[in-house]
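The values are calculated or read from the model by the stated rules, or taken from the named source; none is laboratory data. Keep in mind the model is a prediction, meaning the values are calculated, not measured. Methodologically, a virtual Cβ is constructed for each residue, glycine included, from the backbone with ideal geometry; neighbour enumeration extends over all protein chains shown. Ligands, DNA and RNA are excluded from the accessible area calculation, which covers all protein heavy atoms including side chains. Shrake-Rupley method; radii C 1.70, N 1.55, O 1.52, S 1.80 Å.
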Amino acid sequence: MKIGIAQVRSVLGRVDKNIEIHKKMIKQARQEGVDLLIFPELSLTGYNLLDLTFDVARKMADEEIQSLIAEANGIDVVFGFVEQSPEYLLFNSALYASEQKVRYIHRKIYLPTYGMYDEARYFGHGSSIRSFSTRFGQVGILICEDVWHMSAPYILAQDGAEILIVMANSPAKGIQAEGLVTRDAWYSIMQNHAGQHGMYTLFANRVGAEDGVAFFGGSTVANPFGEIEKTASLFTEELFITQLEMDQVRRARFKMPLLRDENLDLVIRELQRIQKKRCREG
Amino acid sequence: MKMVEEHLEKAPFLRLDEELVTTILTTTLREEVEKVGFNRVILGLSGGIDSAVSLYLAVRAFGHDRVIAVRMPYKTSSPASLDDAQTAIDDTKVKALTLDITPQIDSYFEVRSEADALRRGNKMARERMSILYDLSAHYQALVIGTSNKTELLLGYGTQFGDAASAINPLGDLYKTQVRQLAAYLGVPEQIITKPPSADLWENQTDEGELGFTYLEVDSLLYYLVDQQYPREKLCSLFREELIDQVLTRIRKNQYKRVTPVILKVGSRTIGLDFRYLRDWGV
């Protein structure tokens with residue numbers, strides 16, 4: 001199975017231009033024989049939207065969204081956008097399209113609202129973490145900060161995910177002598193979850209800058225043994241293509257049967273106990 | 001370079017991955033200039049280290065034929081600085097202009113002879129920035145800033161003067177880090193080693209006027225701003241007098257780091273609840 005990560009530079013607040021970027025990338029990926037093409041978080045809008053969030057929000061039925069879904073023909077496509085719900089609530093969402101239909105929508109659960117981030121001021125929190133079936137196997141999607149909460153990939157792994165897609169808009173920051181520490185932290189998260197759950201983890205990060213903040217790119221794939229096989233370039237646009245061998249999931253899980261031995265009942269019981277304790281204390 | 005290495009050995013936490021920082025700054029500078037429709041940049045070149053580093057970064061980002069350096073001496077400006085600026089111009093082969101600001105400054109102060117050195121210095125800084133913005137329109141070149149993080153935090157600069165610019169590549173680098181980058185970028189040694197000076201009056205030096213060294217204050221700022229150490233912890237590392245002096249300067253000069261305060265009347269006030277990045281739509 002050939003996967004592509006479209007490491008793009010989205011134009012802030014310009015859905016029209018970003019649609020063009022998406023279509024161009026999809027065309028190129030199709031020529032390269034890519035089976036599944038993944039765009040970064042908010043690929044249709046850019047990241048630090050502030051009040052533009054209101055203007056770039058799209059309903060599922062909107063023509064622009066439908067036109068991209070229609071592109072998922074012979075190739076599965078995952079992209080990010082500002083979703084307007086039927087209740088007019090706005091979500092930082094990821095849409096998985098296959099055979100010109102919506103296969104799944106993930107709404108970002110954990111919205112960073114600290115330091116340089118201000119997401120919960122504009123977006124509603126997503127409320128479900130589910131894996132879903134695709135023609136390549138069971139897939140789970142998380143958006144950026146989601147994966148920094150260990151419970152999110154854990155739930156997806158328990159729910160059967162063999163491939164974890166993580167769409168990000170991660171900036172270069174905190175640079176000292178050690179270099180790009182944010183990337184190192186990302187890779188270690190991707191590798192840990194891949195290895196611990198015996199699944200592929202795919203990291204799709206954007207490039208380009210918004211008001212002086214540079215997104216570093218460096219998209220990558222960690223295999224079910226927790227190894228990074230190949231990484232995309234830093235700071236430059238790229239269609240990053242690599243192969244997934246789904247049989248590696250089977251081999252990794254036989255060699256390291258952590259998923260088999262996981263005691264879900266114990267976890268649920270203990271979490272319920274903790275939840276009760278917290279409520280009483282509250 | 002010996003001086004730079006000595007400083008970084010004393011304050012290793014200020015050391016940068018210079019290659020990575022250069023990549024980030026040049027990539028982002030190029031994008032932030034080009035996406036708003038400019039192909040060239042312009043900057044004032046004093047002969048000091050900050051403007052030299054901005055120049056060398058700009059040349060790396062755009063090539064020498066798309067960078068314009070402007071020397072704007074006053075009659076009392078140090079001739080050595082003018083020579084140092086020339087050395088940087090010769091080394092980088094950029095287009096350079098020299099405009100003597102003496103006539104307009106002297107004309108203005110002829111009837112304001114009571115003006116002290118600070119007023120005169122500030123007027124000169126604003127005159128220089130006024131010239132840069134005029135030449136910016138003439139050459140269709142965006143004005144690049146030269147203020148480092150140390151002087152921005154301390155407020156050691158002239159509002160609407162040297163502190164102004166369209167894009168500032170140095171604003172997140174402490175002076176000690178600017179020195180490290182200068183050595184890496186090949187800025188002529190005499191520019192790096194000479195005592196920093198605003199050159200607003202004869203024999204002025206930053207460290208003499210401020211009452212502490214840049215290495216000392218950069219170390220304090222790192223722990224204070226970046227690490228957010230509590231006061232007790234700072235007191236175990238630095239002189240209490242220095243801490244107080246620096247804290248007061250940071251607070252008192254906040255006004256220089258923000259856009260003018262707007263008095264709220266309507267429901268969407270610019271900067272308050274009318275929130276957009278500069279990179280809106282680009």
For region A:102-143, which positions are without any contact (Cβ under 8 Å) to a residue 40 or more places away in the chain, more than 18 Å from A:V166 (Cα to Cα) and either crowded, with 17+ Cβ neighbours inside 10 Å or touching a helix residue (DSSP H, G or I) at 6+ places or on another chain (Cβ under 7 Å) (or both)? A:T113
Considering only residues that are away from chain B (no Cβ under 13 Å) and within 15 Å of the chain's Cα centre (by Cα), which ones fall in region A:202-227? A:L202, A:F203, A:A204, A:N205, A:S219, A:T220, A:V221, A:A222
Pairing a residue in region A:156-170 that is in contact (Cβ under 8 Å) with a residue 60 or more places away in the chain with any residue that is of a type in the set (K, R), where Cβ atoms lie under 8 Å and the two sit 6 or more apart in sequence or on different chains, gives A:A168/A:R206; A:N169/A:R206
Does B:L221 meet the test of being of a type in the set (A, V, I, L, M, F, W, C) and either within 14 Å of chain A (Cβ to nearest Cβ) or open to solvent by less than 60 Å² (accessible area, probe 1.4 Å) (or both)? yes
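Collect the residues in region A:232-250 that are under 20 Å from A:E162 (Cα atoms) and not in a loop (DSSP other than H, G, I, E, B), keeping them in residue-number order. Break it down stepwise before answering.
As a first pass, look at region A:232-250 and keep what is under 20 Å from A:E162 (Cα atoms): A:241-250.
Across region A:232-250, the qualifying residues are A:I241, A:T242, A:Q243, A:D247, A:Q248, A:V249, A:R250.
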What are the residues in region B:251-271 that are surrounded by 10 or more Cβ atoms within 10 Å (Cβ to Cβ), on the phi < 0 side of the Ramachandran plot and within 14 Å of chain A (Cβ to nearest Cβ), if any? B:R268, B:T269, B:I270
When the residues of region B:146-160 are filtered to those that are in contact with an Asp or Glu (Cβ under 8 Å, 6 or more places away or on another chain) and open to solvent by less than 20 Å² (accessible area, probe 1.4 Å), which remaining residue is farthest from B:I49 (Cα to Cα)? B:T150
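Yes/no matrix, rows are residues, columns are (1) in contact with a strand residue (DSSP E or B) (Cβ under 9 Å, 6 or more places away or on another chain); (2) under 13 Å from B:L185 (Cα atoms); (3) without any contact (Cβ under 8 Å) to a residue 24 or more places away in the chain:
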residue: B:E5; (1), (2), (3): no, no, yes
residue: B:L29; (1), (2), (3): yes, no, no
residue: B:D65; (1), (2), (3): yes, no, no
residue: B:A80; (1), (2), (3): no, no, no
Breaking point among (1) within 14 Å of chain B (Cβ to nearest Cβ); (2) over 20 Å from A:F79 (Cβ atoms), for A:E162: (1)
Do any strands (runs of 3 or more DSSP E) entirely within region B:28-135 hold 3 or more residues that are in contact with a Phe, Trp or Tyr (Cβ under 7 Å, 6 or more places away or on another chain) and closer than 18 Å to B:S197 by Cα, and if so, which? none
Apart from one, (1) within 14 Å of chain A (Cβ to nearest Cβ); (2) buried (at least 22 other Cβ atoms within 10 Å of the Cβ) all hold for B:T22; the odd one out is (2)
